[in-house]
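Read the structure below first, then the notes.
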Ligand SMILES: [Zn+2]
Ligand SMILES: [Zn+2]
C-alpha cells in the first residue's frame, strides 16, 4: 500500500494524549511488539504518523505507526505492509475531541 506521509504537525494532539495512544486505542493492537509500518523496515514503531493513501478515491487521513527515521520523511511516499493496521485520524469518527 503506497501512502504519502502528511506533514501534520498542526494536528499533534487528540483526546488520547498522543497519536501513538490513539492508534493503540482504535487498532486494538498492543504497542511494544509493533514494528514500523514501512514494508521492509524492522525498526520498532515509535510515532503515530499521519498518512494519506495515494488513491484518489480515499482522501482521508490515517495514523500509521512508523519509526523515527520514516516519520522524518515528511511529504514523501512510503510503501507500507499490506496487512498494516491504519486507524482513522478523524477524531470526529474516533475519540471525538
Ligand atoms: Zn485520539
Ligand atoms: Zn521505519
For residue 35 and residue 52, extending 7 Å from Cα along the Cα-Cβ vector and measuring point to point gives, in nm, a value of 3.0
Using only helices, what value at 222 nm comes out for the chain when you add -39,500 (n - 2.57) per DSSP H run of length 4 or more and divide by the total residues, to the nearest 500 deg cm²/dmol?
-> -3000 deg cm²/dmol
To the nearest whole percent, what portion of all C-alpha pairs in the range 2-91 is separated by more than 19 angstrom?
-> 29
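No lab work stands behind these numbers, since they all come straight from the coordinates. Worth saying up front: this structure is predicted, and the values here are computed from it rather than measured. Cβ atoms come from the backbone with ideal geometry, glycine included; neighbour counts cover every protein chain shown.
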